[in-house]
Amino acid sequence: MIQDVHQHVGEEVKIGAWLANKRSSGKIAFLQLRDGSGFMQGVVVKNEVDEEVFRLAKSITQETSMYVTGVVQEDTRSPLGYELVVKSIQVLSEATDYPITPKEHGTEFLMDHRHLWLRSKRQHAVMKIRNEIIRATYEFFNREGFVKVDPPILTGSAPEGTTELFHTKYFEEDAYLSQSGQLYMEAAAMALGKVFSFGPTFRAEKSKTRRHLIEFWMIEPEMAFTEHEESLEVQEKYVSYVVQSALKNCTIELQTLGRDTAKLEQVKAPFPRITYDDALTFLQEKGFDDVKWGDDLGAPHETAIAEHYDKPVFITHYPTSLKPFYMQPHPDRDDVVLCADLIAPEGYGEIVGGSERIHDAALLAQRIEEHQLPRDAYQWYEQLRQYGSVPHAGFGLGLERTVAWISGVEHVRETIPFPRLLNRLYP
Ligand code: 4AD
Ligand code: MG
């Protein structure tokens, strides 16, 4: 594999590859090869190969698949550090008129060809970074003693409010696609202590922004015997770990994307914290006169706050009225809850939402009533407070927004293999 060539310098190797791009002159052809694991340049020198091989190298078309045999050689000019001096080529399947050429294409065209666009160097880099974040996530939580638990996708209740639910049918009954596994993860935390999930979630949000997907993947840890502040400590440690892992293990990919890694180097715990109250004062001082106490913070507000710091920042203690029914009230104030949103730097917005959960049975029942939620559907959730209730907290990290931030790509549509957007269910 291309990613292992450093172990084979000076050796003859045979790799299965596609032609990503090509350049040639009279006596030499440069083949940009990709094998899935990486990209590498193959050099075909006219005088050093059979006539037939050179003829093939000059005529081979983009995305043709082949076996290439050659000798690995150091090449300090390439990001990989190696190139292949080609000896022979065996074509497997010729590709004619590949639609994505090295010229510029519009986004809609590329999105229509997402199944092919994934092969590009840039998309390859983003997917490798996504994979590294997932890998580091499992590593982090396993080391910290968390157990992976898988909540259901087909559900009968709505943790984050009913407006954004995807309806479906469960035989004769109504069902919803999960918008968060949290309520189930709370049950799991009471069984296993510290748990985390990683799975798809669905939001029928009519938002057409660079941060919103209809289907996205979330990592949701939940911890028994844990209060608000301890949860923030886990969050900052986790996010730092993921960023530092990507810096360490995705150097080529970050370079391919032209990411300014100096900004990522600074992402180390602890992260700054600012209360919602102080955030409002800050915004008003910055000239935002459109926000008053009780309003949700929009993307421009989050960006203005984030710009003030060089690390992600926690905005804590939002008004109770803005947040879901399950959040624990502040011990001294009824109008704010023990929650935090983590805002990424560089305008990437909220990447984590979390809170301490209500552990008092009577208060939870009251909140469910106030939110006019069906008590029946939440009976099992209320029982978690009837049998050995404990303070507990958790959070959800949006994978795609995190990938966008670490990769430095503008829009979340490039951070998931097949994005589901307001106007896109295909391919
Ligand atoms: O803030 P949210 O809605 O929180 C929850 O769902 C909690 N139940 C999580 C928990 O405490 N277990 O979503 C969490 C994160 C957001 O911070 C954001 O990163 C991401 O999920 N997210 C989205 N990502 C892409 N597209 C969307 N439409 C998203 N909505 C939320
Ligand atoms: Mg949120």
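With equal scatterers on the alpha carbons only and no solvent term, can you work out the Debye log10 of I(q)/I(0) for the range 2-93 at 0.18, 0.21, 0.25 1/Å?
Here the Debye-derived log intensity ratios amount to -0.70, -0.98, -1.42.
Return the whole-Å distance between the Cα centroid of the range 75-95 and the Cα centroid of the range 173-226.
Here the two parts' Cα centres lie 44 Å apart.
For a Förster distance of 35 Å, can you work out the FRET efficiency between the beta-carbons of Asp310 and Ile134, rounded to the nearest 0.05?
After rounding to 0.05, the efficiency reads 0.85.
What is the Cα convex hull volume of the chain when expressed per residue in Å³?
In the chain, the Cα hull volume divided by residue count equals 170 Å³.
With both bridge residues required to lie in the range 2-93, what share of the DSSP beta bridges run antiparallel, to the nearest 5%? Display every interim value, and only then the final one.
Numbers: 30 of 34 bridges.
In the range 2-93, approximately 90 percent of DSSP beta bridges are antiparallel ones.
Using unit Cβ charges (K, R positive; D, E negative) and no other charged atoms, how large, in debye to the nearest 20, is the dipole of the range 358-427 about its Cα centre?
Result for the range 358-427 is approximately 220 debye, rounded to the nearest 20.
For the range 1-43, what size does the Cα cloud have along each of its three principal axes, sorted from largest down, in whole Å?
Ordered largest first, the range 1-43 gives principal extents of 32, 22, 13 Å.
Among Ala57, Pro391, Ala362, which residue has its Cα furthest toward the positive end of the charge dipole of the chain, with +1 on Lys/Arg Cβ and -1 on Asp/Glu Cβ?
So the residue furthest toward the plus end is Ala57.
With just the Cα atoms of the range 160-274, tell me how far they stretch along each of the three principal axes, in Å, largest first.
Here the spans come out as 55, 38, 29 Å, largest first.
Projected onto the charge dipole of the chain (+1 at Lys/Arg Cβ, -1 at Asp/Glu Cβ, origin at the Cα centre), which of His6, Gln328, Phe166 gives the Cα projection farthest towards the positive end?
Result: His6, furthest along the dipole toward the positive end.
Over all alpha-carbon pairs in the range 19-158, figure out the percentage whose distance exceeds 19 Å.
Result: 63 percent of Cα pairs exceed 19 Å.
Could you work out Rg/(2.2 N^0.38 Å) for the range 116-182, with Rg from alpha carbons only?
1.59
Every number in this text was worked out from the coordinates using simple rules, so none of it is lab data. Just so it is clear, the model here is predicted, and its values are computed rather than measured. So basically every Cβ, Gly included, is an ideal-geometry build from the backbone, and we count neighbours across all protein chains shown.
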